[in-house]
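Peer 1: Quick one: this structure, given as structure tokens, is what I'll be asking you about.
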Amino acid sequence: MATMVEMQKVAVHLGENSYEVLIGAGLLEETGARLRAMGFSNRAAVITNPTVNRLYGPALQDSLERAGLATSVLEVPDGEEFKTLASAGELYLKLGKMRAERQTPVVALGGGVIGDTAGFVAATYLRGVPYVQVPTTLLSQIDSSTGGKTAVDMEGLKNRIGAFYQPRVVLADVATLRTLPPREFASGLAEVIKHAVIRDREYFDYIESNIDKIRAQETGALIHTVARSVAIKAGYVEQDERDTGIRNVLNLGHTIGHAVESASGFSLKHGEAVAIGLVAVCELARRLGVLNSGEAGRIKALLEKAGLPVVMPPLDKEKIMDAMGQDKKVHGGRMRFILPHAIGVVAIADDVPPALVREVIDG
Ligand SMILES: NC(=O)c1ccc[n+]([C@@H]2O[C@H](COP(=O)([O-])OP(=O)(O)OC[C@H]3O[C@@H](n4cnc5c(N)ncnc54)[C@H](O)[C@@H]3O)[C@@H](O)[C@H]2O)c1
Ligand SMILES: [Zn+2]
């Protein structure tokens, strides 16, 4: 195996389901050798979409074949609207046709949509075949590829059908992010900043000082950023694999964010809505007297420097409140929010008055 210039590893400790997340530049080309070293042989199935396949399919297939794995590349059309049971159904048939067996690894090559779909297919085909994540968006590298949540949507209901099923390894090749549309990259940065706000003041300082390098995708800065974020996420996954408690704090900014995303008719990208949600939840925390203005200002300024929107767009405020009303975080008239208390410190509040939330949304 060629030695990589720079690589970081994050271990995810989950007993017999433990695995490593490798973050580096050029990992894509090493996939075959790494799978071979993990004991895989014979065959592999790559699940991807036409956009990513055009860019990275041949290099991945070549790497797998060089390692002696006869590889079939299975495509799902590009888009969240294809994260469905129907797509999974077609993939099962294709896996059958290529004679995938219990030991045949499924390699998910793409963003979170592909990772979630391929993970779900791997969780259910033959009651579970091994799978490997090769995430190619910033969001999927820092978030969705680690943690084992796999799912498809059902009639617009997100992640309605799914399973907790951990990958065998995650190979996050930061070189693949070069071709990502700038809005997609910035969108991923919203979750990066979210991780720092939740858990790690030093990481926040780092992002603040290096935001230009990160946006310019300097390899070292990017590897450090992805690795820190993965380590933070992995920490919560290790404590709460099934997301029934503490893993919830990863939803910082998402109650308002999801509502804004849906009120915008999904013209906002998820990360853009999360940026607006983070700013709003900081304002909420400030008005509740748990976060000071200086901290809130730093968070907003960093999101802005990351190329993200920070001002509530002119959307129907009623719609935003309604969307939140349907949110599972509502409890008997009072609302539940994860609130930042300082950069790196959050706490759950169960008793936020909806009127105050409305004030923040009204701006
Ligand atoms: N499982 C989890 O824990 C988890 C967590 C967060 C989000 N998600 C899911 O992730 C999905 C969103 O993922 P996403 O933001 O990666 O979106 P995505 O998978 O739709 O990818 C965004 C776009 O970028 C394209 N693309 C991917 N890699 C590229 C590259 N290297 N160069 C150029 N284009 C590229 C894709 O084809 C797509 O058009 C949602 O379905 C969400 O529910 C899952
Ligand atoms: Zn998110």
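Peer 1: Cβ-Cβ below 6 Å, separation at least six or inter-chain, first residue in the range 136-162 and without any contact (Cβ under 8 Å) to a residue 12 or more places away in the chain, second open to solvent by 50 Å² or more (accessible area, probe 1.4 Å) and away from ligand 2 (no atom under 15 Å from the Cβ): which pairs?
Peer 2: Hits for this filter: Arg160/Met154.
Peer 1: Moving on. Determine if the range 211-228 includes at least one residue that is surrounded by fewer than 20 Cβ atoms within 10 Å (Cβ to Cβ) and under 30 Å from Met321 (Cβ atoms).
Peer 2: No, every residue in the range 211-228 fails to be surrounded by fewer than 20 Cβ atoms within 10 Å (Cβ to Cβ) and under 30 Å from Met321 (Cβ atoms).
Peer 1: Additional query: Does the range 110-132 hold any residues that are open to solvent by 10 Å² or more (accessible area, probe 1.4 Å) and not in a loop (DSSP other than H, G, I, E, B), and which are they?
Peer 2: Gly112, Val113, Asp116, Phe120, Ala123, Thr124, Tyr125, Leu126, Arg127, listed by residue number.
Peer 1: Taking Thr104, is it open to solvent by 20 Å² or more (accessible area, probe 1.4 Å) and among the polar types (S, T, N, Q)?
Peer 2: Working: open to solvent by 20 Å² or more (accessible area, probe 1.4 Å): no; among the polar types (S, T, N, Q): yes.
The answer is no for Thr104.
Peer 1: Considering only residues that are in contact with a strand residue (DSSP E or B) (Cβ under 6 Å, 6 or more places away or on another chain), closer than 18 Å to Gly148 by Cβ and without any contact (Cβ under 8 Å) to a residue 40 or more places away in the chain, which ones fall in the range 62-118?
Peer 2: Gly115
Peer 1: While we're here: Take the residues of the range 40-60 that are within 8 Å of ligand 1 (Cβ to nearest atom) and hydroxyl-bearing (Ser, Thr, Tyr): which is surrounded by the most Cβ atoms within 10 Å (Cβ to Cβ)?
Peer 2: Among residues in the range 40-60 that are within 8 Å of ligand 1 (Cβ to nearest atom) and hydroxyl-bearing (Ser, Thr, Tyr), the one surrounded by the most Cβ atoms within 10 Å (Cβ to Cβ) is Tyr56.
Peer 1: Residues Leu93, Leu85, Leu126, Leu109: which one is modelled with pLDDT of 95 or more, touching a Ser or Thr at 6+ places or on another chain (Cβ under 8 Å) and of a type outside the set (Phe, Trp, Tyr)?
Peer 2: Leu109
Peer 1: Quick check on the range 77-96. Is at least one of its residues surrounded by fewer than 20 Cβ atoms within 10 Å (Cβ to Cβ), away from ligand 1 (no atom under 15 Å from the Cβ) and in a loop (DSSP other than H, G, I, E, B)?
Peer 2: no
Peer 1: Also, I was wondering about something else. Please find, among Ala172, Ala190, the residue that is more than 9 Å from ligand 1 (Cβ to nearest atom), open to solvent by less than 10 Å² (accessible area, probe 1.4 Å) and closer than 25 Å to Arg36 by Cα.
Peer 2: Answer to the selection: Ala172.
Peer 1: Sort out which residues of the range 133-162 are assigned to a strand (DSSP E or B), within 11 Å of ligand 1 (Cβ to nearest atom) and not basic (Lys, Arg), and write them in order of number.
Peer 2: Gln133, Val134, Pro135, Thr150, Ala151, Val152, Asp153, Asn159, Gly162
Peer 1: Right, another one. Restricting the search to the range 253-302, which residues are open to solvent by 60 Å² or more (accessible area, probe 1.4 Å), within 23 Å of the chain's Cα centre (by Cα) and more than 16 Å from ligand 1 (Cβ to nearest atom)?
Peer 2: Selection gives Lys300 alone.
Peer 1: Which residue pairs have Cβ atoms closer than 7 Å, lie 6 or more positions apart in sequence or on different chains, and pair a first residue in the range 189-208 that is within 10 Å of Leu303 (Cα to Cα) and among the acidic types (Asp, Glu) with a second residue that is open to solvent by less than 10 Å² (accessible area, probe 1.4 Å) and away from ligand 2 (no atom under 16 Å from the Cβ)?
Peer 2: Listed by first residue and then by second, the contacts come to Glu208/Leu302.
Peer 1: A follow-up question, please. Would you confirm whether any residue within the range 22-36 is among the aliphatic types (A, V, I, L, M) and either modelled with pLDDT under 95 or assigned to a loop (DSSP other than H, G, I, E, B) (or both)?
Peer 2: yes
Peer 1: Could you grab me the full set of residues in the range 61-76 that are within 12 Å of ligand 1 (Cβ to nearest atom) and among the β-branched types (Val, Ile, Thr)? Give the steps one after another, and end with the answer.
Peer 2: Taking the range 61-76 first, the residues within 12 Å of ligand 1 (Cβ to nearest atom) are 75-76.
Within the range 61-76, just Val76 meets the criteria.
The values are calculated or read from the model by the stated rules, or taken from the named source; none is laboratory data. These numbers were taken from a predicted model, which means no experiment stands behind them. Neighbour counts run over all protein chains shown; Cβ positions are idealised from the backbone, glycine included. Calculation scope for accessible area: heavy atoms of the full protein, side chains included, ligands and nucleic acids excluded. Shrake-Rupley method; radii C 1.70, N 1.55, O 1.52, S 1.80 Å.
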